[in-house]
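One structure is given below, encoded as structure tokens.
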Amino acid sequence: MDLFGGTVLSCLFCGIVAGEVPSETVLESEQVVAFRDVSPAAPSHVLVVPREHIANAHELGREHAQVLAEMLVAAQEGARLEGIDTSGYRLVMNIGDDALNSVPHLHLHVIGGRRMGWPPG
Ligand code: AMP
């Protein structure tokens with residue numbers, strides 16, 4: 001893996017975190033970045049990612065407790081900024097093929113602005 005200072009050079013979301021790939025930023029903090037999904041699944045669809053490269057939620061351990069908490073706080077703030085905090089929203093982390101995970105850098109989907117169905121398809 002072409003790892004360089006916590007960044008994977010071939011990783012799309014590492015590129016977004018580094019500002020090398022364009023994105024529509026919603027918020028940033030020391031540990032995480034939130035930006036709009038390029039192909040939104042709902043009127044509001046934000047992705048929260050750690051600056052550090054972590055492949056997916058199945059790779060998380062207790063040592064990641066702080067960054068995971070920062071991701072959840074950023075999701076709350078993103079929902080507030082998007083105006084979906086009171087109407088409700090869904091937080092999703094896809095892992096692996098059956099879940100249709102397509103980008104191998106941990107990300108939390110923050111999806112809202114419409115009534116959703118359950119179970120997910
Ligand atoms: P997942 O399928 O859970 O891995 O989610 C990956 C998400 O990344 C999808 O919802 C894509 O629409 C989104 N995505 C892919 N490329 C970009 C990009 N360049 N900027 C923003 N979102 C992206």
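The values are calculated or read from the model by the stated rules, or taken from the named source; none is laboratory data. Everything numeric in this text was worked out from a predicted model, so none of it was measured. So basically every Cβ, Gly included, is an ideal-geometry build from the backbone, and we count neighbours across all protein chains shown. For accessibility, only protein heavy atoms count, side chains too; no ligands or nucleic acids. Shrake-Rupley method; radii C 1.70, N 1.55, O 1.52, S 1.80 Å.
Extending each Cα 7 Å along its Cβ direction at D98 and A41, get the distance between those two points in nm, one decimal.
1.7
Percent of Cα-Cα pairs per 10 Å bin, from 0 to the last occupied bin, for the chain, please list those.
Per 10 Å bin, starting at zero, the Cα-Cα P(r) for the chain comes out as 13, 46, 34, 6, 0 percent.
Highest GNM mean-square fluctuation, the chain, Cα pairs closer than 10 Å: which of G15, G61, G88?
Ranking G15, G61, G88 by mean-square fluctuation puts G61 first.
Which FRET efficiency, nearest 0.05, do E63 and L91 yield, Cβ-Cβ r, R0 22 Å?
It comes to 0.55.
Report the FRET efficiency, 1/(1 + (r/R0)^6), for E30 and A55, where r is their Cβ-Cβ distance and R0 is 22 Å, rounded to 0.05.
0.55
Quick one: pull the percent of accessible area on the chain belonging to carbon and sulfur, 1.4 Å probe, ligands and nucleic acids left out.
53
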